[in-house]
Structure formats: C-alpha cells, structure tokens
C-alpha cells in the first residue's frame, strides 16, 4: 500500500490514493485509504472533498460511512497479532504481501515482518511497513528487504503490528 523501506513516500494526496488503491477491491478498505491519505495531506482535503461529494445518480446507492479508527496507534496484543495473517511472494529483494486483518474492532496501521536464513540464525532482519487495513479486510503491500540468503532456507514471519481501536 505505502512504499516499502527505502522508497519515497507519496508526495501528494492524489499519489497517495493511486499508490494505496492498487489491488484494493473492498469499499471499506478504499474508505480507510481515503481517510488515511486525507490525514497525510490535509491541505488537499478541500479539492478532494469537492470531487468526492459529487451527487450520485438517483439510482446509485449512497455508500454508508465506514468506521475508521483515528488517534494514537499501539502495539497489538498477542491475541490481536494472531488475527493478522499474511501470504508473501518473494521476487529478489521485493516481497509482495497480502495481509489480512481478522480483528473486528481494530484498524491495523503497521506490520513488521522478520526475514532470516534458517541455516544462519544471526541473519534475522525486521522490516516495518505502514499500512491501513480496516477490520475484517485485507490489502496487498510491498516490502523491500535486504536478504541475500539461499532461497531454499529463507524464512519469514509477521513479528509485530500496530493498530488503532475503532471508536465505540
């Protein structure tokens, strides 16, 4: 969703939306992304709001507001982390991950994976990645890693995550 470690962050609201929406197929996730990009680029909210507030056609259903968590993030508990699932495809130093948030009342805002070589336990490296994953949704994101071990003995795991509880 957001650029990986070592890559430049989006420079505008539009770029944030374009980069973050890649692979997103859920209205709930899309709304969370829009909210996140608005928070990152508040000076561009007025223009974005004008475009988004265009009146829908009479027969088009009006989307319902999506609960989005705001406020300071916190580390997930072990039980919450168990509900964050990931599938990773590795292509050299680029790992594409599909991350699922199976927590019902928590937006995941950061995921950290560890990558290591099973043949060399001192090779472990951790890579945090900013994300915005609404409850019960999944997103695809990319990690840039600096792992150079054998493809036969590499291993990875989601080791930590941060999130924000939805308001009651």
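The values are calculated or read from the model by the stated rules, or taken from the named source; none is laboratory data. All of these numbers come straight from a predicted model, not from anything done at the bench. Methodologically, a virtual Cβ is constructed for each residue, glycine included, from the backbone with ideal geometry; neighbour enumeration extends over all protein chains shown.
Values for this structure:
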read-out	value
Matching residues in segment 94-105 - criterion: being farther than 19 Å from residue 137 by Cβ and surrounded by fewer than 19 Cβ atoms within 10 Å (Cβ to Cβ)	94
Scope segment 12-56; condition outside any helix (DSSP H, G or I), modelled with pLDDT under 75 and exposed (fewer than 13 other Cβ atoms within 10 Å of the Cβ); matching residues	25, 53, 54, 55, 56
Matching residues, segment 106-165, being outside any strand (DSSP E or B), at pLDDT 90 or above and surrounded by fewer than 18 Cβ atoms within 10 Å (Cβ to Cβ)	136
